[in-house]
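The values are calculated or read from the model by the stated rules, or taken from the named source; none is laboratory data. Bear in mind the structure is a predicted one, so any value in this text is a computation, not a measurement. Reconstructed Cβ throughout: ideal geometry from the backbone, glycine too, with neighbour counts over all protein chains shown. Please note that ligands, DNA and RNA were not included when accessible areas were found on the heavy atoms of the full protein model with its side chains. Shrake-Rupley method; radii C 1.70, N 1.55, O 1.52, S 1.80 Å.
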Amino acid sequence: MLFFKLMVRPVVAGGLAILGTHTAFAGEICGGETMPTTPPVLCAQDFGLYPGVGTDSAPMMQKALDSASERKRGLFFPAGIYRFGEPLKIRSHNSIIGSTKDATIFAGPVPNGLATGMGDESYSAAVTDVTIENIIFNNIYVRFYGPYKRRMAIRYNVFINTNRAGEQLAVSHIPYEVRGNVLMRGPNYPGLGLSTYANKVINGRGLLVEGNFLGSPDQRQRASTYVDNKTGALIDRVLQLRKDGRLSFSDDQGNYVAGWYATSQLQGAVFRRNYFAGNTLRKLWNPKTGEEDIQRDHNIYLKEYNGVDIVQNYFSGWPDQPAGQLKFRNAQNLVFAANYLDGISFNARPYDNSLLMFMRDTYIFNNVLKQIEVNHKPSESLVSYWQNFTDSPSAKIDVRDYLVFSNRFAAADKATCRVTAPKVTLSPGQFLAADNRYADGSAVASCGSVRESTVEQMKARLPQAKHKYLALQPIEPGMANDWPASDPAVKQ
């Protein structure tokens, strides 16, 4: 039985939205496609927003968003290309939902214009109940800032050709759901990927970053064991769009300064089953100078956090040097478990220029660290700890329970010290290692102030709430790339 309700619906006349009435019901059609019922949305075409018009739809789009917000509705956009040359402000209930039938593309300024933004960057503005899903953002970034946002989800979107050094996706202060997105940056579009700032726990829920893909589409098969089928289909879709001439991009989409920045006050977050694989260039090409002079700054870079669980992810790419590792600074309560590090190293790296002069409760276990050739030499593949000064009575890093156990290393050189700590520390007995081995079962060498312990002692120090991760094992990457190369003349 269908339940009908009367609602106001704009009817388009002469390019303007005129309020009319109509009867809406489950399964309503918009642009030949069935609109979703959750979240509640209105048809974008009813506000005069049609794909393929070739003109800037931003002014009309903002009016549509404002009107839909008043009615506590979002907008559904059927497949096609919609052009936006100005920033767009998302208000409460302004979910933005695209087609699952084909591709809904939001295109920013062209040609060579700086990316335009979508979201809300006002610190004091309240925005609630927003989902952004199934949109291909071509030279458009999404950014939300401020603590008065609630119930926000950004999932199953593509970010590509982002002509902006800053983040492609930035969320702050509250526990967002960031799931299943595809992030790509070609040689002409270097910059950051995901940024999270001061995301805190609310009502027992923290930030969730899960099942996202960052890198080049030729990694699609290797990522198949990490991301779900819907994200895999997004990668397939952008490749088909390129083949059809509706998108243009190069095969190398790993030109990231950093994949994930979380620079302050992250609490209670989970980063799970993501596939982050940038390229290995030491420096990126700078469109402003025409030189390769942009410094890389870590696959992921986290500092001043309190409670982050990073589990069952894939990390690769970036140059094999300190600026290319997985970096963790001046913080506490980290679980780094069951991750697959393909030619990249873990690096705890506290500095003396932080108010948080400690590295406490760091649990590194059940990971695979595989040595591969990076820039014509074997990668280090380490679990390392380094600080920019030596502990003294006047200044020290307070270390507690830095535990490294049951990790597996694949490397030809078995004499290298692969679990490191400072030679001098004023936190004696806190750097502990156990059962770290090579694939053949031989023991991994540790050095500095690391003391060998037992797995049983490690488990006894691990908080009970984290014991659920002890059974987790790394995910083996999927099949090798079998995608054909694109036209080499395409350079985006």
Over all directions, what mean area does the Cα convex hull of the range 329-442 project, stated in square nanometres? 7.5
Give, as a single signed number, the net charge of other residues whose beta carbon lies under 10 Å from the beta carbon of Asp398, with Lys and Arg counted +1 and Asp and Glu -1. +2
Calculated on alpha-carbon atoms, Rg and Dmax of the range 289-346 in Å: 13.1, 42
Solvent-accessible ranking of Glu86, Glu291, Glu456, largest area first, probe 1.4 Å: Glu456, Glu291, Glu86
Nearest 10 degrees is fine. How inclined is helix 58-70 to the longest principal axis of the chain, computing both from alpha carbons? 90
Average accessible surface area per residue within the chain, 1.4 Å rolling probe, Å²: 40
So what is the calculated 222 nm ellipticity per residue for the chain, using -39500 (n - 2.57) for each DSSP H run with n of 4 or more, over all residues, to the nearest 500 deg cm²/dmol? -2000 deg cm²/dmol
Starting from the Cα of Ser354, step 7 Å toward the Cβ, then list every residue of the range 304-344 with an amide N under 20 Å from that point. 304-311, 321-337
In nm, what is the difference between 0.36 nm times the number of residues separating Ala412 and Lys283 and their Cα-Cα distance? 43.7 nm
Averaged over every viewing direction, what's the projected area of the C-alpha convex hull for the chain? Give it in nm², one decimal, please. 25.4
In whole percent, the fraction of accessible protein surface over the chain that belongs to carbon or sulfur atoms, probe radius 1.4 Å, stands at 53
Quick one: Debye curve from the C-alpha atoms of the range 91-239, no solvent, what's log10 I(q)/I(0) at q = 0.11 Å⁻¹? -0.40
Kirkwood Rh (inverse of mean 1/r, distinct Cα pairs), the range 269-384, angstrom: 14.8
Test of understanding: what is the full-extension gain from Ile202 to Glu456, defined as 0.36 nm times their sequence separation minus their Cα-Cα distance? 88.0 nm
P(r) histogram, all alpha-carbon pairs of the range 41-140 included - 10 Å bins from 0, percent: 17, 53, 28, 3
Please list, in order along the range 434-449, the HN-Hα scalar couplings obtained from phi with the Karplus expression 6.51 cos²θ - 1.76 cosθ + 1.60 (θ = phi - 60°), rounded to whole Hz, x for Gly and Pro. 7, 6, 8, 9, 7, 4, 7, x, 6, 6, 8, 6, 10, 8, x, 8
Please list 3J(HN,Hα) in residue order for the range 322-331, calculated via the Karplus relation 6.51 cos²θ - 1.76 cosθ + 1.60 where θ = phi - 60°; whole Hz, with x for glycine and proline. x, 6, x, 8, 8, 10, 10, 10, 6, 7
Hey, what did the chain get for relative contact order, percent, Cα under 8 Å, at least 6 apart? 9
